Every structure is written in structure tokens, then in C-alpha cells.
Amino acid sequence: MTDKLEQQRLHFNSISQRYKSARSNESHQELKNLIWADALQDLKLDAHGDTVVLEPMCGFAEGRKILSQALGADFQYHGFDYSDSVVEDLQRSDPSINVEQADVTSFDTDQRFDIIILIGGLHHVPDNAAEVVRNMARLLKPGGIFINLEPTHGNPITRWVRDAIYQRNSLFDQETERAFAVEELQSMFEAAGLSHKLMTFPGLLTYILYYNPDAFPALNKGGVAWVQRLYALERPLYQTRIARWLSFATLSIWQK
């Protein structure tokens, strides 16, 4: 596992600026805003100065931005990532941000958290994903919330498509990354003693076109207005069985 983690660190260091630049695109940002605003609107979290948030595998602190928009900025934040390049970039951009370099498979702390948000991280450590979920859940306070977004597949076709993409697209490292079946992902959180508050499947056409502009720049056409139109058409499907079957991603919210 140590060799795989080091391979992932080197890989993400090599693509980090490409990733950061592409994901500043306004169409991508608009889709993320729409997805997360819908997902978090019913949580009614009472964020305040004593609310403590952990973002494992934080990347460029996307979860911090999402929670700031949804809850306001009045919470304590701790993020960590295994990529030294990403951590250094975050610290240069905002010296006040509380981030560190750490390995999610061995991370531990005496602190306990009200919210943990983990976005697109587990598929980078597939051999240890269940253990990571269990250990992160242990760091939640009673009643705490675990928010997760992961690439998933609900049928053999979407799995085959993703596997083919991983093999051919330089943004991915097929030797160390693996997405999960929806049932596999769900079982990890349930085995960690968490109950789900929301499970939604936004990985349909709008996601395919606009969520990964770093991987598929040729699909990122039409601008914000197209994102809004397509999202409005798809949104009623996101919690249906057909979306679970077709979706390339699962967004879930769990409670301890």
C-alpha cells in the first residue's frame, strides 16, 4: 500500500496545476454550486464558531468552499492531503488556512469533528477505503455528519466505460485508482455504524459534460446557461432508481 500511496502522490503532484486550472472553469463551478446547494439545503446544520470541520484528502479545499457557501464561514476547519504540492499551494494562497500533509490511511487525532467532508478521495485508496471510512467515522462526534461524493457505477456498462477511460486518460492512474459499485460504497458507511440521511445520484449527462473539464475539455461546451438548463431537466431524477443505475457518481450524507 505504501508504494501505491507514493505513486498516487507523485501522480497528483504532476497533474495538480492542470486539475486546479481546469476546475476554475465557470461551467464546472456552476454545476458544483447547483449540486451542493440542493444536497445540503435540508440539512439545517447550525454552523457556528464552535463547529469543527475535517476535510480528509482535501485537494484544493473544495469542501471548505462548499460548506462556506452552504453554512457561512463561521466554523473551524482542518484539512489534510497526501500531495505536498497541493498543501504548499494552499498555504501560499491562504497562509491562514489550517492544512497539513498527512496520509488518510494512518491519520489520527484526539480531536472530534461535527462534520467530515470527503470529496472524490476514496477511489484513490480503494484497497483501504473501508478502513478509511471506519476511521474517519470514529473521529465524528455523536450526531456528527459525514458528507461524501465518489465516482461510482450502478451497472456493468458504466463500470466498463470508466475502466476504459482510466486506461486511456493521463489524468487518471489506473494502477492505483478504482471507483466503487454503489452497493460497495454504501456498505462501507453502514459497516462504520453510520445511517444515511441522503443518497443522490447526480452523475448523469450534466455531470459527464461539465464536472470533469480537466479530463474531458472537449465536452465542456455551451456555458453556464446550458448547465442550468440541463441540470433543471435532470434534477428530478437524481434520487430515482434509474439514476442510481446510470449515474457515474454518488453523493451521500451520513450521520453518526
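The values are calculated or read from the model by the stated rules, or taken from the named source; none is laboratory data. Worth saying up front: this structure is predicted, and the values here are computed from it rather than measured. As a convention, Cβ positions derive from the backbone with ideal geometry for all residues, glycine included, and neighbour counts pool all protein chains shown. Accessible surface areas use protein heavy atoms only, side chains included; no ligands, DNA or RNA. Shrake-Rupley method; radii C 1.70, N 1.55, O 1.52, S 1.80 Å.
Put simply, the amide H of residue 249, placed in the peptide plane, has neighbours under 5 Å in 152, 203, leaving out anything fewer than 5 places away on its chain. Remark: the stretch 127-142, residue by residue, has Karplus-estimated 3J(HN,Hα) of 5, 10, 4, 4, 5, 4, 4, 4, 5, 5, 4, 4, 7, 7, 6, x Hz, where x stands for each Gly or Pro and the curve is 6.51 cos²θ - 1.76 cosθ + 1.60 at θ = phi - 60°.
The heavy atoms of residue 65 offer some 120 square angstrom of accessible surface to a 1.4 angstrom probe.
Distance between the 7 Å Cα→Cβ label points at residue 163 and residue 24: 3.8 nm. Its relative contact order, with pairs defined as Cα atoms under 8 Å and 6+ residues apart, puts the stretch 27-114 at 28 percent. Ordered by 1.4 Å accessible area with all protein chains kept, 88, 100 run largest first as 88, 100. Of the heavy-atom accessible surface of the stretch 203-256 (probe 1.4 angstrom), what whole percent is carbon and sulfur? Here carbon and sulfur together make up 67 percent of the probe-accessible area.
Under the shape rule built on the C-alpha gyration tensor, where the axes satisfy a ≥ b ≥ c, the stretch 35-122 is prolate, since a/c reaches at least 1.5 and a/b is greater than b/c.
Within the shell defined by Cβ-Cβ distances under 13 Å, the residues around residue 222 carry a net charge of 0, with Lys and Arg each +1 and Asp and Glu each -1. Sorted on the mean count of surrounding Cβ atoms within 10 Å across their residues, most packed first, peptides 130-136, 81-87 read 81-87, 130-136. Working note: Karplus 6.51/-1.76/1.60 with θ = phi - 60° gives the stretch 109-116 the couplings 7, 7, 6, 10, 10, 7, 9, 10 Hz, where Gly and Pro are set to x. Highest mean packing first, where packing is the average number of other Cβ atoms within 10 Å per residue, the peptides 199-207, 139-147, 91-99 line up as 199-207, 139-147, 91-99.
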